Amino acid sequence: MHERKLGAMTSRLAYAFVLASIVACGGSAAPPPAPQAVAVSPPAAPTAATPSASGIWLGTLHAGAVALRIQLRVELSHAPACSLDSLDQHAIGIPCTASVAGTALTVDVPAVKGTMQATLSADGNTLDGTWSQGGAALPVTLMRQRSAIEPKPPAIDPALPPVDVAQLQDQLEKDLAGALANGELGPGTGAGITIGVVQHGVRRIFSYGTAKPDSVFEIGSVSKTFTGLLLAQLVEQKQVRLDEPVRSLLPAGTVAAPASGPEITLVDLSAQRSGLPRLPDNFRPADPTDPYADYDKPALFAFLASHGVALPAKPEFMYSNLGVGLLGEALAERSGRPYNTLLRDEITVPLGMTDTGVALTASMLVRLVPGHDGNHKPARAWNLNVLAGAGGIRSTAADMLTYLEAQLHPDHLPPTTRTTPARRTLPAALAASHVVHGDALPGMHIALNWLRIDETGAFWHNGATGGYSSFALFDPGADYAVIVLSNTSIGDRQFTDDLGNHIVARLVGKPATSLGPR
(Lines give C-alpha, C1' and ligand atoms only; values in the text may rest on other atoms or scores of the structure.)
Protein backbone atom coordinates (compact mmCIF):
# COMPACT_ATOMS: atom_id res chain seq x y z
CA MET A 1 0.00 0.00 0.00
CA HIS A 2 1.21 3.48 -0.78
CA GLU A 3 2.65 5.09 2.32
CA ARG A 4 0.41 8.16 2.22
CA LYS A 5 -2.70 6.00 2.14
CA LEU A 6 -1.45 3.85 5.00
CA GLY A 7 -0.64 6.91 7.09
CA ALA A 8 -4.12 8.35 6.68
CA MET A 9 -5.67 5.14 7.93
CA THR A 10 -3.34 4.54 10.85
CA SER A 11 -3.99 8.02 12.23
CA ARG A 12 -7.67 7.23 12.72
CA LEU A 13 -7.00 4.20 14.86
CA ALA A 14 -4.18 5.44 17.03
CA TYR A 15 -6.30 8.31 18.07
CA ALA A 16 -9.26 6.24 19.00
CA PHE A 17 -7.77 5.46 22.40
CA VAL A 18 -7.63 9.16 23.32
CA LEU A 19 -10.78 10.35 21.59
CA ALA A 20 -13.40 8.75 23.78
CA SER A 21 -11.65 9.58 27.04
CA ILE A 22 -11.73 13.26 26.17
CA VAL A 23 -15.21 13.52 24.74
CA ALA A 24 -17.08 10.92 26.76
CA CYS A 25 -15.57 11.70 30.12
CA GLY A 26 -15.64 15.46 30.09
CA GLY A 27 -11.93 15.53 30.81
CA SER A 28 -8.59 15.00 29.15
CA ALA A 29 -5.40 13.27 30.08
CA ALA A 30 -3.65 16.31 28.64
CA PRO A 31 -4.15 20.06 28.97
CA PRO A 32 -6.65 21.37 26.40
CA PRO A 33 -5.55 22.89 23.10
CA ALA A 34 -5.21 26.65 22.99
CA PRO A 35 -8.55 28.41 22.46
CA GLN A 36 -9.25 29.05 18.80
CA ALA A 37 -11.86 31.13 17.04
CA VAL A 38 -14.50 28.95 15.47
CA ALA A 39 -15.72 31.21 12.68
CA VAL A 40 -13.28 30.79 9.82
CA SER A 41 -15.52 32.34 7.17
CA PRO A 42 -18.51 34.69 7.17
CA PRO A 43 -21.85 32.96 7.62
CA ALA A 44 -23.67 32.06 4.43
CA ALA A 45 -27.38 32.60 4.91
CA PRO A 46 -29.66 29.94 3.44
CA THR A 47 -31.23 30.83 0.14
CA ALA A 48 -34.55 29.11 0.82
CA ALA A 49 -37.42 30.98 2.43
CA THR A 50 -37.52 28.39 5.22
CA PRO A 51 -34.10 27.93 6.90
CA SER A 52 -32.43 24.61 6.18
CA ALA A 53 -30.00 22.74 8.43
CA SER A 54 -28.07 21.53 5.39
CA GLY A 55 -24.57 22.99 5.20
CA ILE A 56 -21.22 23.20 6.97
CA TRP A 57 -21.27 23.97 10.68
CA LEU A 58 -18.42 24.78 13.06
CA GLY A 59 -18.32 25.18 16.82
CA THR A 60 -16.50 24.33 20.02
CA LEU A 61 -17.46 21.59 22.43
CA HIS A 62 -16.49 22.54 26.00
CA ALA A 63 -16.00 19.52 28.26
CA GLY A 64 -14.73 20.83 31.57
CA ALA A 65 -11.39 22.49 30.86
CA VAL A 66 -11.18 20.91 27.41
CA ALA A 67 -12.20 22.79 24.28
CA LEU A 68 -12.62 20.74 21.10
CA ARG A 69 -13.55 22.18 17.72
CA ILE A 70 -16.14 20.09 15.91
CA GLN A 71 -17.18 20.48 12.29
CA LEU A 72 -20.44 19.07 11.02
CA ARG A 73 -21.30 18.53 7.36
CA VAL A 74 -24.99 17.90 6.73
CA GLU A 75 -27.01 17.40 3.55
CA LEU A 76 -30.70 16.74 4.04
CA SER A 77 -32.07 17.15 0.52
CA HIS A 78 -31.92 14.86 -2.52
CA ALA A 79 -28.75 12.99 -1.45
CA PRO A 80 -28.70 12.84 2.38
CA ALA A 81 -25.23 12.81 3.92
CA CYS A 82 -23.66 13.52 7.31
CA SER A 83 -20.13 13.51 8.70
CA LEU A 84 -18.46 14.86 11.82
CA ASP A 85 -14.89 16.14 12.20
CA SER A 86 -13.22 16.48 15.61
CA LEU A 87 -10.59 18.90 14.32
CA ASP A 88 -8.36 19.16 17.37
CA GLN A 89 -8.27 15.37 17.67
CA HIS A 90 -7.61 14.87 13.94
CA ALA A 91 -10.61 12.56 13.58
CA ILE A 92 -11.99 13.45 10.16
CA GLY A 93 -15.08 12.13 8.40
CA ILE A 94 -16.73 10.21 11.25
CA PRO A 95 -20.02 8.95 9.73
CA CYS A 96 -23.27 10.21 11.23
CA THR A 97 -26.97 10.36 10.46
CA ALA A 98 -29.06 13.51 10.58
CA SER A 99 -32.81 14.02 10.82
CA VAL A 100 -34.86 17.18 11.09
CA ALA A 101 -38.31 18.00 12.43
CA GLY A 102 -39.17 21.63 11.82
CA THR A 103 -36.23 23.57 13.23
CA ALA A 104 -35.03 20.68 15.45
CA LEU A 105 -31.98 18.79 14.15
CA THR A 106 -30.84 15.43 15.59
CA VAL A 107 -27.40 14.03 14.68
CA ASP A 108 -26.38 10.52 15.75
CA VAL A 109 -22.70 9.44 15.64
CA PRO A 110 -22.67 5.65 16.24
CA ALA A 111 -18.87 5.32 16.17
CA VAL A 112 -18.54 7.34 19.40
CA LYS A 113 -22.04 6.69 20.78
CA GLY A 114 -22.76 10.42 20.66
CA THR A 115 -25.89 12.44 19.80
CA MET A 116 -26.39 16.13 19.14
CA GLN A 117 -29.81 17.71 19.44
CA ALA A 118 -29.96 21.33 18.32
CA THR A 119 -32.40 24.00 17.24
CA LEU A 120 -31.87 26.07 14.08
CA SER A 121 -32.07 29.82 14.59
CA ALA A 122 -34.63 31.96 12.75
CA ASP A 123 -31.98 33.32 10.38
CA GLY A 124 -30.67 29.80 9.67
CA ASN A 125 -27.10 30.58 10.70
CA THR A 126 -26.86 29.03 14.18
CA LEU A 127 -27.44 25.59 15.66
CA ASP A 128 -27.82 25.75 19.43
CA GLY A 129 -28.20 22.60 21.48
CA THR A 130 -26.65 19.74 23.43
CA TRP A 131 -24.06 17.05 22.76
CA SER A 132 -24.75 13.83 24.72
CA GLN A 133 -22.16 11.07 25.12
CA GLY A 134 -21.16 8.65 27.85
CA GLY A 135 -23.82 9.91 30.25
CA ALA A 136 -22.69 13.56 29.92
CA ALA A 137 -24.72 16.34 28.28
CA LEU A 138 -22.64 19.29 27.09
CA PRO A 139 -23.87 22.56 25.56
CA VAL A 140 -22.75 23.25 22.01
CA THR A 141 -23.31 26.04 19.50
CA LEU A 142 -22.43 25.70 15.83
CA MET A 143 -22.21 28.50 13.26
CA ARG A 144 -22.87 28.08 9.55
CA GLN A 145 -19.76 28.36 7.37
CA ARG A 146 -19.19 29.11 3.69
CA SER A 147 -16.44 26.50 3.45
CA ALA A 148 -15.06 23.64 5.49
CA ILE A 149 -11.72 23.43 7.25
CA GLU A 150 -9.88 20.74 5.32
CA PRO A 151 -6.84 18.93 6.76
CA LYS A 152 -3.70 19.76 4.85
CA PRO A 153 -2.01 16.79 3.20
CA PRO A 154 1.52 16.20 4.46
CA ALA A 155 4.53 17.04 2.35
CA ILE A 156 6.05 14.02 0.63
CA ASP A 157 9.74 13.28 0.31
CA PRO A 158 10.73 11.65 -2.99
CA ALA A 159 11.30 7.92 -3.15
CA LEU A 160 14.81 6.57 -2.71
CA PRO A 161 16.17 3.14 -3.57
CA PRO A 162 15.31 0.75 -0.72
CA VAL A 163 17.47 1.52 2.31
CA ASP A 164 18.99 -1.47 4.11
CA VAL A 165 18.47 -1.59 7.86
CA ALA A 166 22.22 -1.19 8.39
CA GLN A 167 22.13 2.18 6.58
CA LEU A 168 18.75 3.31 7.87
CA GLN A 169 20.02 5.41 10.76
CA ASP A 170 22.24 7.48 8.47
CA GLN A 171 19.27 8.17 6.20
CA LEU A 172 16.99 9.06 9.10
CA GLU A 173 19.57 11.54 10.43
CA LYS A 174 19.02 13.49 7.21
CA ASP A 175 15.26 13.02 7.12
CA LEU A 176 14.84 14.10 10.76
CA ALA A 177 17.11 17.14 10.58
CA GLY A 178 14.22 19.60 10.44
CA ALA A 179 12.26 17.89 13.22
CA LEU A 180 15.34 17.93 15.45
CA ALA A 181 16.16 21.56 14.71
CA ASN A 182 12.75 23.20 15.13
CA GLY A 183 10.04 20.55 14.80
CA GLU A 184 8.50 17.73 16.81
CA LEU A 185 11.84 16.73 18.35
CA GLY A 186 13.27 20.23 18.67
CA PRO A 187 14.84 21.85 21.76
CA GLY A 188 12.33 22.65 24.48
CA THR A 189 9.77 20.05 23.41
CA GLY A 190 10.92 17.41 25.89
CA ALA A 191 10.25 14.91 23.13
CA GLY A 192 12.07 11.63 22.80
CA ILE A 193 11.70 8.76 20.35
CA THR A 194 13.25 5.31 20.25
CA ILE A 195 13.14 3.33 17.02
CA GLY A 196 13.66 -0.38 16.52
CA VAL A 197 13.95 -2.08 13.13
CA VAL A 198 14.69 -5.70 12.24
CA GLN A 199 15.21 -6.84 8.67
CA HIS A 200 16.22 -10.38 7.70
CA GLY A 201 17.36 -10.95 11.28
CA VAL A 202 19.50 -7.79 11.51
CA ARG A 203 18.39 -5.54 14.39
CA ARG A 204 19.02 -1.83 14.91
CA ILE A 205 17.85 0.39 17.78
CA PHE A 206 18.48 4.11 17.96
CA SER A 207 16.95 7.08 19.74
CA TYR A 208 16.53 10.84 19.44
CA GLY A 209 15.73 13.72 21.76
CA THR A 210 15.24 12.92 25.45
CA ALA A 211 14.90 9.15 24.93
CA LYS A 212 17.60 6.51 25.16
CA PRO A 213 17.82 3.12 23.44
CA ASP A 214 16.65 1.36 26.64
CA SER A 215 13.98 3.90 27.64
CA VAL A 216 10.60 2.55 28.78
CA PHE A 217 7.39 3.88 27.18
CA GLU A 218 3.67 3.29 27.42
CA ILE A 219 2.68 1.47 24.22
CA GLY A 220 -1.03 2.34 24.40
CA SER A 221 -3.29 0.37 22.10
CA VAL A 222 -0.48 -1.79 20.74
CA SER A 223 -1.27 -3.62 24.01
CA LYS A 224 -4.36 -4.95 22.25
CA THR A 225 -2.20 -7.21 20.10
CA PHE A 226 -0.83 -8.85 23.27
CA THR A 227 -4.40 -9.44 24.43
CA GLY A 228 -5.18 -11.02 21.07
CA LEU A 229 -2.17 -13.31 21.47
CA LEU A 230 -3.25 -14.25 24.99
CA LEU A 231 -6.60 -15.27 23.54
CA ALA A 232 -4.84 -17.42 20.95
CA GLN A 233 -2.67 -18.97 23.67
CA LEU A 234 -5.62 -20.00 25.83
CA VAL A 235 -7.40 -21.37 22.78
CA GLU A 236 -4.37 -23.53 21.94
CA GLN A 237 -4.29 -24.71 25.55
CA LYS A 238 -8.00 -25.67 25.36
CA GLN A 239 -8.90 -23.25 28.16
CA VAL A 240 -11.28 -21.20 25.98
CA ARG A 241 -12.83 -21.27 22.50
CA LEU A 242 -12.90 -18.38 20.05
CA ASP A 243 -16.67 -18.74 19.72
CA GLU A 244 -17.23 -18.96 23.48
CA PRO A 245 -19.54 -16.27 24.93
CA VAL A 246 -17.59 -13.80 27.03
CA ARG A 247 -20.35 -14.10 29.63
CA SER A 248 -19.25 -17.66 30.41
CA LEU A 249 -15.78 -16.48 31.49
CA LEU A 250 -17.10 -13.96 34.02
CA PRO A 251 -18.18 -14.66 37.60
CA ALA A 252 -21.60 -16.29 37.82
CA GLY A 253 -24.41 -13.77 37.81
CA THR A 254 -22.33 -10.93 36.33
CA VAL A 255 -24.56 -10.48 33.28
CA ALA A 256 -27.63 -12.28 32.02
CA ALA A 257 -27.80 -14.06 28.69
CA PRO A 258 -29.63 -12.12 25.96
CA ALA A 259 -33.35 -12.85 25.79
CA SER A 260 -32.92 -13.83 22.15
CA GLY A 261 -30.37 -13.83 19.39
CA PRO A 262 -26.59 -14.30 19.46
CA GLU A 263 -24.32 -12.95 22.18
CA ILE A 264 -20.83 -11.45 22.19
CA THR A 265 -18.06 -14.04 21.91
CA LEU A 266 -14.33 -13.78 22.54
CA VAL A 267 -13.52 -13.49 18.84
CA ASP A 268 -16.11 -10.71 18.48
CA LEU A 269 -14.21 -8.71 21.10
CA SER A 270 -10.83 -9.29 19.46
CA ALA A 271 -12.09 -8.59 15.93
CA GLN A 272 -13.67 -5.32 17.11
CA ARG A 273 -17.22 -6.24 16.08
CA SER A 274 -18.86 -6.65 19.50
CA GLY A 275 -20.93 -3.49 19.17
CA LEU A 276 -19.74 -2.34 22.59
CA PRO A 277 -19.05 1.41 22.84
CA ARG A 278 -15.53 2.76 22.88
CA LEU A 279 -15.95 3.38 26.59
CA PRO A 280 -18.68 2.46 29.08
CA ASP A 281 -21.33 5.00 30.03
CA ASN A 282 -20.33 4.80 33.71
CA PHE A 283 -16.77 5.92 32.95
CA ARG A 284 -16.37 9.16 34.93
CA PRO A 285 -12.77 9.63 36.07
CA ALA A 286 -12.09 11.46 39.30
CA ASP A 287 -8.71 12.54 37.89
CA PRO A 288 -8.78 13.43 34.17
CA THR A 289 -4.98 13.31 34.04
CA ASP A 290 -5.10 9.57 34.85
CA PRO A 291 -8.61 8.77 33.59
CA TYR A 292 -8.66 4.97 33.81
CA ALA A 293 -7.12 4.61 37.25
CA ASP A 294 -10.40 4.43 39.18
CA TYR A 295 -12.37 2.35 36.67
CA ASP A 296 -12.31 -1.01 38.40
CA LYS A 297 -13.82 -4.50 38.10
CA PRO A 298 -17.06 -3.65 39.98
CA ALA A 299 -17.62 -0.69 37.63
CA LEU A 300 -17.00 -2.84 34.56
CA PHE A 301 -19.33 -5.59 35.74
CA ALA A 302 -22.01 -3.03 36.68
CA PHE A 303 -21.86 -1.65 33.14
CA LEU A 304 -22.18 -5.12 31.63
CA ALA A 305 -25.15 -5.96 33.84
CA SER A 306 -26.90 -2.82 32.62
CA HIS A 307 -25.82 -2.93 28.97
CA GLY A 308 -26.00 -6.66 28.33
CA VAL A 309 -23.95 -8.82 25.98
CA ALA A 310 -26.23 -9.16 22.97
CA LEU A 311 -24.39 -9.11 19.67
CA PRO A 312 -25.67 -6.52 17.15
CA ALA A 313 -27.94 -7.91 14.46
CA LYS A 314 -25.36 -6.84 11.89
CA PRO A 315 -21.92 -7.04 13.53
CA GLU A 316 -19.37 -4.77 11.90
CA PHE A 317 -15.98 -3.27 12.70
CA MET A 318 -16.27 -0.61 15.39
CA TYR A 319 -13.18 0.12 17.46
CA SER A 320 -13.79 -0.34 21.19
CA ASN A 321 -11.30 0.09 24.01
CA LEU A 322 -13.94 -1.28 26.33
CA GLY A 323 -14.32 -4.45 24.25
CA VAL A 324 -10.63 -5.39 24.32
CA GLY A 325 -10.28 -4.34 27.95
CA LEU A 326 -13.17 -6.69 28.74
CA LEU A 327 -11.47 -9.46 26.75
CA GLY A 328 -8.30 -9.07 28.81
CA GLU A 329 -10.23 -9.22 32.07
CA ALA A 330 -12.29 -12.21 30.90
CA LEU A 331 -9.14 -14.17 30.02
CA ALA A 332 -7.69 -13.29 33.42
CA GLU A 333 -10.87 -14.56 35.11
CA ARG A 334 -10.78 -17.85 33.23
CA SER A 335 -7.07 -18.43 33.91
CA GLY A 336 -7.31 -17.45 37.58
CA ARG A 337 -4.44 -15.02 37.16
CA PRO A 338 -4.38 -11.20 37.04
CA TYR A 339 -3.85 -9.80 33.55
CA ASN A 340 -0.26 -8.76 34.26
CA THR A 341 0.58 -12.26 35.56
CA LEU A 342 -1.14 -13.90 32.59
CA LEU A 343 0.87 -11.65 30.24
CA ARG A 344 4.09 -12.56 32.00
CA ASP A 345 3.44 -16.31 32.10
CA GLU A 346 2.19 -16.73 28.54
CA ILE A 347 4.19 -14.17 26.52
CA THR A 348 6.91 -12.06 28.11
CA VAL A 349 8.80 -14.71 30.12
CA PRO A 350 8.70 -17.32 27.33
CA LEU A 351 10.02 -14.73 24.86
CA GLY A 352 12.61 -13.33 27.27
CA MET A 353 10.99 -9.89 27.38
CA THR A 354 12.25 -8.63 30.74
CA ASP A 355 11.22 -4.99 30.22
CA THR A 356 7.56 -5.47 29.32
CA GLY A 357 4.51 -5.48 31.57
CA VAL A 358 1.61 -3.55 33.00
CA ALA A 359 3.32 -3.14 36.36
CA LEU A 360 6.66 -1.34 36.28
CA THR A 361 9.59 -3.12 37.87
CA ALA A 362 12.10 -0.99 39.78
CA SER A 363 14.46 -1.12 36.79
CA MET A 364 11.71 -0.12 34.35
CA LEU A 365 10.54 2.74 36.57
CA VAL A 366 14.00 4.30 36.53
CA ARG A 367 14.03 4.19 32.74
CA LEU A 368 10.42 5.35 32.14
CA VAL A 369 10.91 8.46 30.03
CA PRO A 370 8.59 11.29 31.22
CA GLY A 371 5.50 11.69 29.04
CA HIS A 372 4.20 14.80 27.28
CA ASP A 373 0.84 15.73 25.82
CA GLY A 374 0.33 16.78 22.22
CA ASN A 375 1.31 20.35 23.10
CA HIS A 376 4.62 19.16 24.63
CA LYS A 377 3.46 19.81 28.19
CA PRO A 378 4.29 17.25 30.91
CA ALA A 379 1.69 14.48 31.19
CA ARG A 380 1.18 11.75 33.76
CA ALA A 381 1.55 8.07 33.06
CA TRP A 382 -1.76 6.23 32.84
CA ASN A 383 -2.89 3.28 34.98
CA LEU A 384 -5.59 1.33 33.18
CA ASN A 385 -6.79 -0.84 36.03
CA VAL A 386 -9.41 -3.36 34.79
CA LEU A 387 -9.04 -2.22 31.14
CA ALA A 388 -5.29 -2.89 31.04
CA GLY A 389 -5.73 -5.29 28.13
CA ALA A 390 -6.77 -2.38 25.94
CA GLY A 391 -3.72 -0.20 26.49
CA GLY A 392 -1.91 -0.65 29.79
CA ILE A 393 1.41 -2.24 28.77
CA ARG A 394 4.82 -0.56 29.05
CA SER A 395 7.87 -1.72 27.11
CA THR A 396 11.16 -0.87 25.39
CA ALA A 397 12.16 -0.91 21.74
CA ALA A 398 14.39 -3.96 22.31
CA ASP A 399 11.61 -5.98 23.89
CA MET A 400 9.14 -4.91 21.23
CA LEU A 401 11.56 -6.00 18.51
CA THR A 402 11.73 -9.40 20.20
CA TYR A 403 7.93 -9.50 20.17
CA LEU A 404 7.76 -8.50 16.49
CA GLU A 405 10.46 -11.00 15.51
CA ALA A 406 8.31 -13.70 17.11
CA GLN A 407 5.42 -12.47 14.95
CA LEU A 408 7.61 -12.68 11.85
CA HIS A 409 8.93 -16.17 12.62
CA PRO A 410 6.65 -18.10 15.01
CA ASP A 411 8.52 -21.30 14.12
CA HIS A 412 11.91 -19.93 15.22
CA LEU A 413 11.32 -18.96 18.84
CA PRO A 414 14.02 -19.05 21.54
CA PRO A 415 14.48 -22.23 23.61
CA THR A 416 12.88 -20.50 26.62
CA THR A 417 9.48 -20.97 24.96
CA ARG A 418 9.74 -24.74 25.30
CA THR A 419 10.43 -25.07 29.03
CA THR A 420 6.85 -26.00 29.95
CA PRO A 421 3.99 -27.69 28.07
CA ALA A 422 1.92 -24.49 28.19
CA ARG A 423 4.68 -22.44 26.62
CA ARG A 424 5.02 -24.91 23.79
CA THR A 425 1.69 -23.66 22.45
CA LEU A 426 3.14 -20.21 21.73
CA PRO A 427 4.31 -20.86 18.12
CA ALA A 428 0.85 -22.13 17.12
CA ALA A 429 -0.81 -19.25 19.02
CA LEU A 430 1.31 -16.66 17.19
CA ALA A 431 0.32 -18.12 13.84
CA ALA A 432 -3.34 -18.28 14.89
CA SER A 433 -3.30 -14.62 15.95
CA HIS A 434 -2.64 -13.67 12.30
CA VAL A 435 -5.72 -15.43 10.93
CA VAL A 436 -8.20 -12.87 9.61
CA HIS A 437 -11.65 -12.77 11.26
CA GLY A 438 -13.37 -9.86 9.53
CA ASP A 439 -13.31 -6.59 7.65
CA ALA A 440 -11.80 -3.49 9.22
CA LEU A 441 -10.80 -0.12 7.80
CA PRO A 442 -10.90 0.30 4.00
CA GLY A 443 -8.28 -1.94 2.41
CA MET A 444 -7.72 -3.81 5.66
CA HIS A 445 -8.91 -6.86 7.57
CA ILE A 446 -8.54 -7.66 11.24
CA ALA A 447 -7.03 -10.76 12.82
CA LEU A 448 -6.82 -11.14 16.63
CA ASN A 449 -6.40 -7.39 17.11
CA TRP A 450 -3.68 -7.06 14.45
CA LEU A 451 -4.86 -5.16 11.37
CA ARG A 452 -3.72 -6.61 8.06
CA ILE A 453 -3.02 -4.33 5.11
CA ASP A 454 -4.48 -6.25 2.21
CA GLU A 455 -2.17 -4.86 -0.47
CA THR A 456 1.09 -5.80 1.24
CA GLY A 457 0.12 -8.47 3.76
CA ALA A 458 1.76 -6.47 6.56
CA PHE A 459 0.17 -6.31 10.03
CA TRP A 460 0.11 -3.15 12.14
CA HIS A 461 -1.33 -1.39 15.15
CA ASN A 462 -0.64 1.90 16.85
CA GLY A 463 -1.53 3.56 20.11
CA ALA A 464 -1.65 6.67 22.23
CA THR A 465 -2.15 7.50 25.88
CA GLY A 466 -2.07 10.89 27.58
CA GLY A 467 1.71 11.23 27.32
CA TYR A 468 2.91 8.59 24.84
CA SER A 469 2.32 7.21 21.34
CA SER A 470 3.47 4.13 19.44
CA PHE A 471 3.55 2.45 16.03
CA ALA A 472 4.19 -1.25 15.36
CA LEU A 473 4.28 -3.05 12.00
CA PHE A 474 5.62 -6.33 10.73
CA ASP A 475 5.65 -7.71 7.19
CA PRO A 476 6.16 -11.49 7.04
CA GLY A 477 6.52 -11.51 3.27
CA ALA A 478 9.29 -8.92 3.20
CA ASP A 479 10.75 -10.08 6.55
CA TYR A 480 11.02 -6.79 8.40
CA ALA A 481 9.40 -5.11 11.40
CA VAL A 482 9.33 -1.57 12.79
CA ILE A 483 8.58 -0.23 16.26
CA VAL A 484 8.46 3.48 17.07
CA LEU A 485 7.98 4.58 20.69
CA SER A 486 7.46 8.23 21.65
CA ASN A 487 7.04 10.08 24.93
CA THR A 488 4.66 12.52 23.24
CA SER A 489 0.95 11.93 22.67
CA ILE A 490 -1.02 12.97 19.61
CA GLY A 491 -1.02 16.71 18.91
CA ASP A 492 -1.38 18.77 15.77
CA ARG A 493 -0.04 15.80 13.86
CA GLN A 494 0.47 12.09 14.43
CA PHE A 495 4.25 12.31 14.29
CA THR A 496 4.82 8.78 15.57
CA ASP A 497 2.63 7.40 12.77
CA ASP A 498 4.36 9.67 10.25
CA LEU A 499 7.75 8.40 11.38
CA GLY A 500 6.70 4.75 11.37
CA ASN A 501 5.25 5.02 7.89
CA HIS A 502 8.31 6.99 6.76
CA ILE A 503 10.61 4.18 7.89
CA VAL A 504 8.49 1.60 6.07
CA ALA A 505 8.66 3.71 2.91
CA ARG A 506 12.44 3.99 3.14
CA LEU A 507 12.80 0.23 3.62
CA VAL A 508 10.73 -0.55 0.53
CA GLY A 509 11.78 2.40 -1.64
CA LYS A 510 8.53 4.39 -1.85
CA PRO A 511 7.77 8.13 -1.40
CA ALA A 512 7.78 9.01 2.29
CA THR A 513 5.83 11.47 4.42
CA SER A 514 8.13 14.37 5.22
CA LEU A 515 9.25 14.53 8.84
CA GLY A 516 10.06 18.24 8.84
CA PRO A 517 7.99 20.97 10.52
CA ARG A 518 4.61 21.67 8.94
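The values are calculated or read from the model by the stated rules, or taken from the named source; none is laboratory data. Computed from a prediction, not measured in an experiment: that's the story for all the values here. Quick reminder, even Gly has a Cβ in these numbers, built from the backbone with ideal geometry, and neighbours come from all protein chains shown. Please note that ligands, DNA and RNA were not included when accessible areas were found on the heavy atoms of the full protein model with its side chains. Shrake-Rupley method; radii C 1.70, N 1.55, O 1.52, S 1.80 Å.
Amide H to amide H distances under 5 Å link THR456 with no residue, where only residues 5 or more positions off or on other chains count and H is placed in the peptide plane. Counted residue by residue at 0.36 nm each, then reduced by the alpha carbon distance between them, the extension gain from ASN182 to HIS307 reaches 40.1 nm.
Explain nothing, just the number: relative contact order of segment 380-445, from Cα pairs under 8 Å at least 6 residues apart, as a whole percent. Relative contact order of segment 380-445: 18 percent. Rounded to the nearest 10 degrees, the angle from helix 495-508 to the longest Cα principal axis of the chain is 60 degrees. Here each label is just a point 7 Å from Cα along the line to Cβ, and for ALA257 and ALA159 those points are 5.6 nm apart. In this simple spin-label approximation, ASN282 and LYS377 carry label points 7 Å from Cα along the Cα→Cβ vector, and these lie 3.2 nm apart.
The HN-Hα couplings worked out from phi for segment 102-115 by the Karplus form 6.51 cos²θ - 1.76 cosθ + 1.60 (θ = phi - 60°) are x, 9, 9, 10, 10, 10, 10, 10, x, 4, 10, 6, x, 9 Hz, whole numbers, x standing for Gly and Pro.
Taking Cα atoms only, the orientation of helix 165-175 departs from the longest principal axis of the chain by about 30 degrees.
When only C-alpha pairs under 8 Å and at least 6 residues apart count, what is the relative contact order of segment 131-249, in percent?
13
Give the label of the value calculated from the structure for Cα extents along the principal axes in Å, choosing from (i) 87, 48, 44; (ii) 77, 59, 40; (iii) 105, 60, 36. The calculated read-out lines up with (ii).
Would you mind counting up the charge near LEU230? Only other residues with Cβ under 15 Å from its Cβ, with Lys and Arg at +1 and Asp and Glu at -1.
Details: positive: LYS224, LYS238, ARG241, ARG334, ARG337, ARG344, ARG423; negative: GLU236, GLU244, GLU329, GLU333, ASP345, GLU346.
Summing Lys/Arg as +1 and Asp/Glu as -1 gives +1.
A Förster distance of 45 Å, applied to the separation of the beta-carbon atoms of ASP492 and THR103, puts the FRET efficiency at 0.80.
Our note on the geometry: Cα centres of segment 155-216 and segment 363-413, 18 Å apart.
As a test of the formula, what do you get for the chain when each DSSP H run with n ≥ 4 contributes -39,500 (n - 2.57) and the sum is divided by the residue count, at 222 nm and rounded to the nearest 500 deg cm²/dmol? Could the numbers behind the result be given before it?
Values: 14 runs with 130 residues, N = 518.
After summing the helix terms and dividing by the residues of the chain, the value is -7000 deg cm²/dmol.
Hey, with R₀ at 45 Å, roughly what FRET efficiency would ASP214 and ARG424 work out to, going by the Cβ-Cβ distance, to 0.05? Step by step, r from the Cβ atoms, then E = 0.90.
Please tell me the relative contact order of the chain in percent, rounded to the nearest whole number, where contacts are Cα pairs under 8 Å and at least six residues apart.
21 percent.
FRET efficiency for the ASP243 to ALA431 pair, using the beta carbon distance and R₀ = 22 Å, is estimated at 0.70.
Ranked by the mean number of other Cβ atoms within 10 Å per residue, highest first, peptides 152-161, 371-380 order as 371-380, 152-161. In the chain, what percent of the accessible surface is made up of carbon and sulfur (1.4 Å probe, ligands and nucleic acids excluded)? Exposed carbon and sulfur together represent 57 percent of the surface. A crude spin-label estimate for the pair SER52 and LYS152, with each label 7 Å from Cα along the Cβ direction, gives 3.3 nm.
Taking a ≥ b ≥ c as the square roots of the eigenvalues of the alpha-carbon gyration tensor, segment 183-304 is classed oblate because a/c is 1.5 or more while a/b is no larger than b/c. Close amide H pairs (under 5 Å, H built 1.01 Å from N) link ALA379 with GLY371, HIS372, ASP373, residues at least 5 positions away or on another chain. Close amide H contacts of GLY438 (hydrogens built in the peptide plane, cut-off under 5 Å, sequence separation of 5 or more or a different chain): ILE446. Helix 321-335: angle to the longest alpha-carbon principal axis of the chain, degrees 0 to 90, nearest 10? The two axes meet at around 40 degrees. The residues of segment 233-379 expose, per residue, 41 Å² of accessible area to a 1.4 Å probe. The Cα center of segment 299-344 and the Cα center of segment 121-147 differ in position by 34 Å.
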